[in-house]
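Peer 1: Attaching a single structure in structure tokens format; questions to follow.
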Amino acid sequence: MKKTVLLVLALLLVLSGQAFAADTIKLGFVIPLTGDIPKVGEASKFAAEMLREEINGKGGLDVGGKKYKLEFVFEDNEAKPESAVNAMLKVIERDQVLAVVGPQSSKQAVPAGGVANDNETPMISPWSTNPDTTKGRPWVFRAAFLDPFQAPVVANFATKQFKAKKAAVLFDISNDYSKGLAEFFKAEWEKMHGAGSVVGMESHGSKDQDFSAQLTKVVAAKPDFIFLPENYNIVALIVKQARDLGYKGPFMGSDAWGSAELMDLCGKECVGQYFSTHYAAAGATGATKEFIDKYNNKYGYIPDDVAALTWDATRLVLQAIQSVGKVDSDTRKMRKAVRDAMVNIKSFDGITGKMSFDENRDPIKCAVVVKISEKGEFTFAESVCPK
């Protein structure tokens, strides 16, 4: 008798679990919660949780007239390519998510994108700008502009703002993002200013902390500015070491500078510098300001571009799910339906700007250049849109 009762109870638990699963939409987030850039993971998670709480607080996501609660699974990629691959496999196979948001950095997004594509699971990287993330991968999308677009933005702005003719570049050779953007920039700069106008092109490894050897060469070349397509944690080290070596000129950065932690690490040394990015928090209006205020009130600091892009990327996936019109219990079929719906999104109004998508599932959107103010705010300097 006891065995029968236990079996009935077990069956009821299984059935109730299935019923709950049937009313839940599960997404995966492969993000760097530990490792070199944990603030990126934190901002990603905070933005996602804020969106989930907002939607679940209204009863869930409306799909075909029925409300579904959102469940987000956060998996740490440790800011490492191999960990990103393993994390991607976990959320796809173990957690059976419908789609994946992340990884953020191209260093992790490029290899993890291959896994998502091979397993026919929709993936959208909010922050990756390297073309290889989506190239030849019909299941992979992104919410950020590409480096072939970002490089001319930087080159044109530096030419105009600094009246520069000679540039130097310092980059991480083991990072797909840093290396790729450095190469795109060099090609663009030399197209504008002639061969040899990049007077220093110095690389380093991902674990390096001392850049004095590279910077000594760069400073000796007397560039009009130094371009640093580097993650924010490395930027702080390089800028301070360059000043210690006597460099007094400007730096120009890329979107990987745009962390809320940059000024904590770099301080006054980064004040007055410029970088290209996805949105400017200072002076924002409309829905963008609403997002910033809500995030700031909840978490106690201004959201960086990673948070804003994660918000947009997640909303893109949810919009696609809604457009399917129903939730299929067959995960593989539903993943295919979501992927097809994402392809069919022709235009999207995000808090990082209005965007449309090309045949490679990459957004066509504007970039902004921001200046770091005395208060450490990222203030709008210029907007550059694709022609």
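The values are calculated or read from the model by the stated rules, or taken from the named source; none is laboratory data. Please read all numbers here as calculations on a predicted model, not as lab measurements. Every residue, glycine as well, gets a Cβ built from its backbone with ideal geometry; the counts of neighbours run over all protein chains shown. These accessible areas exclude ligands, DNA and RNA; they are computed on the full protein's heavy atoms, side chains included. Shrake-Rupley method; radii C 1.70, N 1.55, O 1.52, S 1.80 Å.
Peer 1: Can you list the HN-Hα couplings for the range 378-387, worked out from phi with the Karplus curve (6.51, -1.76, 1.60; θ = phi - 60°), rounded to whole Hz and with x for Gly and Pro?
Peer 2: Listing the rounded values in order: 9, 9, 4, 10, 6, 10, 10, 10, x, 7 Hz.
Peer 1: Here is the link list: Lys135/Lys248; Lys26/Lys135; Lys166/Lys207; Lys135/Lys222; Lys69/Lys207; Lys39/Lys387. Which ones come out longer than 31 Å on Cα distance?
Peer 2: Working: Lys135/Lys248 40 Å; Lys26/Lys135 26 Å; Lys166/Lys207 28 Å; Lys135/Lys222 37 Å; Lys69/Lys207 41 Å; Lys39/Lys387 34 Å.
Those over the limit are Lys135/Lys248; Lys135/Lys222; Lys69/Lys207; Lys39/Lys387.
Peer 1: Next up: Under 16 Å between alpha carbons, and skipping anything fewer than 8 positions from Lys66 in its own chain: which aspartates and glutamates qualify?
Peer 2: Cross-link targets: Asp23, Asp328.
Peer 1: In addition: Evaluate the charge dipole of the chain about its Cα centre and quote only its size in Debye, nearest 20, assuming +1 on the Cβ of each Lys and Arg and -1 on the Cβ of each Asp and Glu.
Peer 2: The calculation lands at about 580 debye.
Peer 1: In the chain, what percentage of the DSSP-assigned beta bridges are antiparallel, given to the nearest 5?
Peer 2: Percentage antiparallel, nearest 5: 40.
Peer 1: Helix-only estimate, please: 222 nm mean residue ellipticity of the chain, summing -39500 (n - 2.57) across DSSP H runs of length 4 or more and dividing by its residues, to the nearest 500.
Peer 2: Helix contribution divided over all residues of the chain: -14000 deg cm²/dmol.
Peer 1: Of Thr331, Leu262, Gly246, whose Cα points farthest to the positive end of the dipole of the range 241-387 (charges on the beta-carbon: +1 Lys, Arg; -1 Asp, Glu; origin at the Cα centre)?
Peer 2: Thr331
Peer 1: Still on this model: Would you grab the residues whose amide H sits under 5 Å from the one on Asn77? Only those 5+ places off in sequence or on another chain, please, with H modelled 1.01 Å from N.
Peer 2: Under 5 Å from the amide H of Asn77 lie the amide H atoms of Ile31, Leu33, Thr34, each far enough along the sequence or on another chain.
Peer 1: Using θ = phi - 60° and the Karplus relation 6.51 cos²θ - 1.76 cosθ + 1.60, list the HN-Hα couplings for the range 327-335 in order, rounded to whole Hz, with x at every Gly or Pro.
Peer 2: Per-residue couplings from phi come out as 10, 7, 5, 7, 4, 4, 5, 5, 4 Hz.
Peer 1: Along the charge dipole of the chain, which of Leu61, Ala116, Ile302 sits closest to the positive end, that is, farthest toward it, with unit charges on the beta carbon of Lys, Arg, Asp and Glu (+1, +1, -1, -1)?
Peer 2: Leu61
Peer 1: For the range 304-333, state which trypsin sites (Lys or Arg not before Pro) are in a DSSP loop and have at most 15 other beta carbons lying within 10 Å of their beta carbon.
Peer 2: Listed in order of number, the matching sites are Lys326.
Peer 1: For the chain, give the percent of accessible area contributed by carbon and sulfur heavy atoms, probe 1.4 Å, rounded to a whole number.
Peer 2: The nonpolar share, carbon plus sulfur, comes to 53 percent.
Peer 1: What per residue convex hull volume, in Å³, do the alpha-carbon atoms of the range 141-217 yield? Please report the intermediate quantities before stating the final value.
Peer 2: Details: hull volume 8.3 nm³, N = 77.
Cα-based convex hull of the range 141-217, divided per residue, equals 108 Å³.
Peer 1: Could you tally the net charge around Asp132, taking each other residue with its Cβ under 14 Å from the Cβ of Asp132, Lys/Arg +1 and Asp/Glu -1?
Peer 2: Values: positive: Lys107, Lys135, Arg137, Arg142, Lys179, Arg361; negative: Asp147, Asp176, Glu183, Asp362.
Value of the local net charge: +2.
Peer 1: Size of the dipole of the range 251-351 about the Cα centre, Lys and Arg at +1 and Asp and Glu at -1 on the beta carbon, nothing else charged, in debye to 20?
Peer 2: With Lys and Arg at +1 and Asp and Glu at -1, about 600 debye.
Peer 1: Rounded to the nearest 10 Å², what accessible area does Phe149 show when all protein chains are kept and the probe is 1.4 Å?
Peer 2: Rounded to the nearest 10, that gives 50 Å².
Peer 1: Residue by residue through the range 276-286, which ³J(HN,Hα) values in whole Hz follow from phi under the Karplus form 6.51 cos²θ - 1.76 cosθ + 1.60 (θ = phi - 60°), with glycine and proline marked x?
Peer 2: Going residue by residue, I get 7, 7, 9, 6, 10, 5, 5, x, 5, 10, x Hz, with x marking Gly and Pro.
Peer 1: Given a 1.4 angstrom probe, what's the average accessible area per residue across the chain, in square angstrom?
Peer 2: Per residue, the chain has 42 Å² of solvent-accessible surface.
Peer 1: Given Cβ point charges of +1 (Lys, Arg) and -1 (Asp, Glu) and nothing else, what value in debye, to the nearest 20, does the dipole of the range 147-277 about its Cα centre take?
Peer 2: Working: 14 positive and 16 negative charges, 135 e Å.
So the magnitude is around 640 debye.
Peer 1: Would you kindly calculate the translational diffusion coefficient of the chain, applying Stokes-Einstein with the Kirkwood radius from alpha carbon pairs, for 20 °C and a viscosity of 1.002 mPa s, and quote it in µm² s⁻¹ without decimals? Before the final figure, lay out the partial values.
Peer 2: Details: Rh = 21.7 Å.
Stokes-Einstein gives a translational diffusion coefficient of 99 µm²/s.
Peer 1: Follow-up question, since we're still on this one. Over 5 Å intervals from 0, what percent of Cα-Cα pairs in the range 147-277 sits in each interval?
Peer 2: Computed distribution, short to long bins: 2, 11, 24, 26, 23, 11, 2, 0.
Peer 1: Restricting to Cα pairs below 8 Å that are 6+ residues apart, what does the relative contact order work out to for the chain? Please round to a whole percent.
Peer 2: About 16 percent, as a whole number.
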